[in-house]
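Below: one structure, written as structure tokens.
The values are calculated or read from the model by the stated rules, or taken from the named source; none is laboratory data. Remember, predicted model here, so these are calculated numbers, not experimental data. Methodologically, a virtual Cβ is constructed for each residue, glycine included, from the backbone with ideal geometry; neighbour enumeration extends over all protein chains shown. Please note that ligands, DNA and RNA were not included when accessible areas were found on the heavy atoms of the full protein model with its side chains. Shrake-Rupley method; radii C 1.70, N 1.55, O 1.52, S 1.80 Å.
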Amino acid sequence: MFKKVSSLIIGVCLLSVILGSTYDIKVFASSVEGIPTEYESEITYLTDQSIIKGFPDGNFHGKDEVTREQAATMVGRALGLDGKERDTKFPDVSEESFASGFIQSAVEAGVIKGYPDGTYQPKSIMTRGEMAYLISNAFKLKETGDVSYHDVDEESAVYQPVNLLTTAGITEGTPGGYFMPEKTITRTEFSLFVARGLNSDFKVSQEEEEEGPEEEKLEVLSEKVVDADFLNVRQGPGTKHKVVGKLMTGETVSVYKEEGDWRYIQAGNVKGYVHSYYLLDKPEGDWKIAIDPGHGGNDPGASANGLIEKNVVLDVSLKAREYIENAGVNVVMTRQTDWYPSLDGRVAIATKNDADAFVSVHANAFVSSATGVETFYYAAGLSDREYASVKLATFINERLYKEMDMGNRGVKNVGYRVVKHNPLPAVLTEIGFLTNDEDSSKLKTDKYREAAARAIAMGIVDYYNWKE
Ligand SMILES: [Zn+2]
């Protein structure tokens, strides 16, 4: 059976909170920034029980990744384990570590085992596969069911825990029927899983069981990415049929049936027919793009009209990441918070994490009359890398000026360090001028930041489709 898919879990956070807050401020979820109302009850539930404590900077940081020691701490609190700091069985978890008590208690409770080499690797980022193992052990899940994901086959080591978690209604995977076991987990996702493990009121619905027999037999033929805003989803295969929903650029759909130029699709709760012209292929390869939000930390980049470049481009980049991952492409971020990796350090982060291409995101500054988007690549000759850079720059820039409804300054050959001293196809894109009144008023809005994110993501999808 193909597990029904709801919306991607995004938004909120918590774990920053269990870290190091020596003063134990209890703040209710509703007064903390960055919590979508849809998750407020889960978060409040966790804060009320002090499983999450204090929000030192007033923000959930829901998209940050969770380390293995943070995960152990939260699960330890949820299970009421002894968190008193003490010696552990792991040489890499010292008594002084804030998580040592919970890690050792979790070992004793049979919830965690560590790695075969005897380490725990507390600072490593937890993957969704590891999370499945941890949560299914923590809540002693026993029941398995008829579960299948495209990317978790029955031979895989994570099949059993993923099945347990899905059967228990703690997860339902991502849109399109993927579990993404290698993907790192966000603080939001992890928190929701803990809340669902503790309280069945939060579990995801299992209503697909009630669907008609005909629909259950349909198999997914392909996954596609929507390439039109307000794309009509219709009851039947033709424009005379009633509109039952609308989709936006960058959303992904599962195709179940082909009828002429029409496709019967599902996207979240929306099911119906769309015209095939507006569906892009999802790249099939195991691609990984590096997204580099420019500047950060002590380097603010440009500032004008109340906007600071480092903040604008980080927001847009994190939004882009969601669209890109939805389209089935892996992402490595050179930064996810307000710090400054060196220019060569950014390239090193990309290559060490096996990225195959590199996109640096910036906003422009110049005289106030200058306006529009532009994208840079570097090419001294005609190497494959340089040609791929030109293609990537062109795909992104074409998307960008249309989505942003701005002037198109084109793609340009300029040897900026991150695009020149880079073994990967690399581009640097400028999403508008902070110094221009019209551009900056757009970049202040969530609507246009989403538009920029979508454009970058769709340009990247175009690029990988071209590669394939
Ligand atoms: Zn910049």
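Observations on the structure shown:
- The condition of being in contact with a strand residue (DSSP E or B) (Cβ under 6 Å, 6 or more places away or on another chain) and under 21 Å from I396 (Cα atoms) holds for only one of K288, K319, that being K288.
- Wholly within region 273-358, strands (runs of 3 or more DSSP E) carrying at least 3 residues that are under 21 Å from K63 (Cβ atoms) and either of a type outside the set (D, E, K, R) or open to solvent by less than 30 Å² (accessible area, probe 1.4 Å) (or both): 288-293, 330-333
- For K113, the stated conditions hold: it is within 28 Å of the chain's Cα centre (by Cα) and part of a loop (DSSP other than H, G, I, E, B).
- Selection count, region 367-387, where residues are part of a loop (DSSP other than H, G, I, E, B) and within 12 Å of the ligand (Cβ to nearest atom): 0
- Taking the criterion of being of a type outside the set (S, T, N, Q), surrounded by fewer than 18 Cβ atoms within 10 Å (Cβ to Cβ) and not in a strand (DSSP E or B), the residues of region 228-245 that qualify are A228, D229, F230, G236, G238, K240, H241, K242.
- Selection status of D338, over 22 Å from I460 (Cα atoms) and modelled with pLDDT of 95 or more: yes
- Selected residue (criterion: farthest from G301 (Cα to Cα)) from residues of region 415-431 that are away from the ligand (no atom under 11 Å from the Cβ) and open to solvent by 50 Å² or more (accessible area, probe 1.4 Å): P423
- When G297, G301, G328 are screened for being on the phi > 0 side of the Ramachandran plot, more than 16 Å from the ligand (Cβ to nearest atom) and not assigned by TED's automatic domain parsing to the domain that holds G173, only G328 passes.
- Matching option when the condition is assigned to a strand (DSSP E or B), more than 19 Å from the chain's Cα centre (by Cα), modelled with pLDDT of 95 or more and over 21 Å from A350 (Cβ atoms), among R409, R399: R409
- Qualifying positions in region 432-468 - open to solvent by 40 Å² or more (accessible area, probe 1.4 Å) and outside any helix (DSSP H, G or I): K444, T445, E468
- Number of the exception - E258 against (1) away from the ligand (no atom under 13 Å from the Cβ); (2) of a type outside the set (S, T, N, Q); (3) open to solvent by less than 30 Å² (accessible area, probe 1.4 Å); (4) assigned to a strand (DSSP E or B): (3)
- Looking across S389, S368, one residue alone is open to solvent by 40 Å² or more (accessible area, probe 1.4 Å) and over 19 Å from the mean Cα position of the chain (by Cα). It is S368.
- In summary, H362 fulfils each of the numbered conditions (1) within 16 Å of the ligand (Cβ to nearest atom); (2) assigned to a loop (DSSP other than H, G, I, E, B); (3) open to solvent by 10 Å² or more (accessible area, probe 1.4 Å) with the single exception of condition (2).
- Subset of region 261-272 [among the charged types (D, E, K, R), part of a strand (DSSP E or B) and touching a Ser or Thr at 6+ places or on another chain (Cβ under 8 Å)]: R263
Every residue, every condition in (1) assigned by TED's automatic domain parsing to the domain that holds A355; (2) over 17 Å from R454 (Cα atoms); (3) in contact (Cβ under 8 Å) with a residue 12 or more places away in the chain, yes or no:
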residue	(1), (2), (3)
Q266	no, yes, yes
V313	yes, no, yes
S317	yes, no, yes
W339	yes, yes, yes
